[in-house]
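FYI, it's all coordinate maths here, none of it is from the lab. Because the structure is a prediction, the values reported are computed rather than measured. Note that each Cβ is placed from the backbone with ideal geometry, even for glycine, and that neighbours are counted across all protein chains shown.
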Amino acid sequence: MDTNLAIAALSALAQPTRLETFRLLVKAEPDGVAAGELARLVDVPQNTMSAHLGILQRAGIVKSDRQSRSIIYRAELDGFRALTLFLLKDCCNGNAALCAPLIADLTPCCSVEKA
């Protein structure tokens, strides 16, 4: 990911409605959510949601698919993964042990407790 695309993605997420929308889309994976339903869930007019979704799409972190009369939006996980890797690329100067707590915080649901 280049710096300009990373800035676009971070800028897109630096707005409350877009951040909430993106988080809803991540939760809804892999099914996605129709644009009208997103507007209802976030409590914004449909035309406002459409503008927000356009910004998120241009930033490469949301994608859409037409299904019949609806447009279904999904988180573009490859784009978000690229953004995350861009941010963490030089984490801890390459010392993976120093980054381990950060990675562990991202996956608490997958940890197995020892008996």
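Odds and ends about this structure:
- Failed item, numbered, when L38 is tested on (1) more than 14 Å from the chain's Cα centre (by Cα); (2) surrounded by fewer than 19 Cβ atoms within 10 Å (Cβ to Cβ): (2)
- Selected residue (criterion: surrounded by the most Cβ atoms within 10 Å (Cβ to Cβ)) from residues of region 1-31 that are under 15 Å from A51 (Cβ atoms) and of a type in the set (S, T, N, Q): T21
- Selection status of E37, within 24 Å of L102 (Cα to Cα) and either among the acidic types (D, E) or in a loop (DSSP other than H, G, I, E, B) (or both): no
- Selected residue [part of a helix (DSSP H, G or I), touching a Lys or Arg at 6+ places or on another chain (Cβ under 6 Å) and of a type in the set (G, A, S)] from A104, A12, A6, A51: A12
- When we screen R58, R69, R74 for residues that are surrounded by fewer than 17 Cβ atoms within 10 Å (Cβ to Cβ) and within 21 Å of A8 (Cα to Cα), the only hit is R58.
- Enumeration of residues in region 15-34 that are touching a residue at least 12 places away in the same chain (Cβ under 8 Å) and part of a helix (DSSP H, G or I): T17, R18, E20, T21, F22, L24, L25, V26
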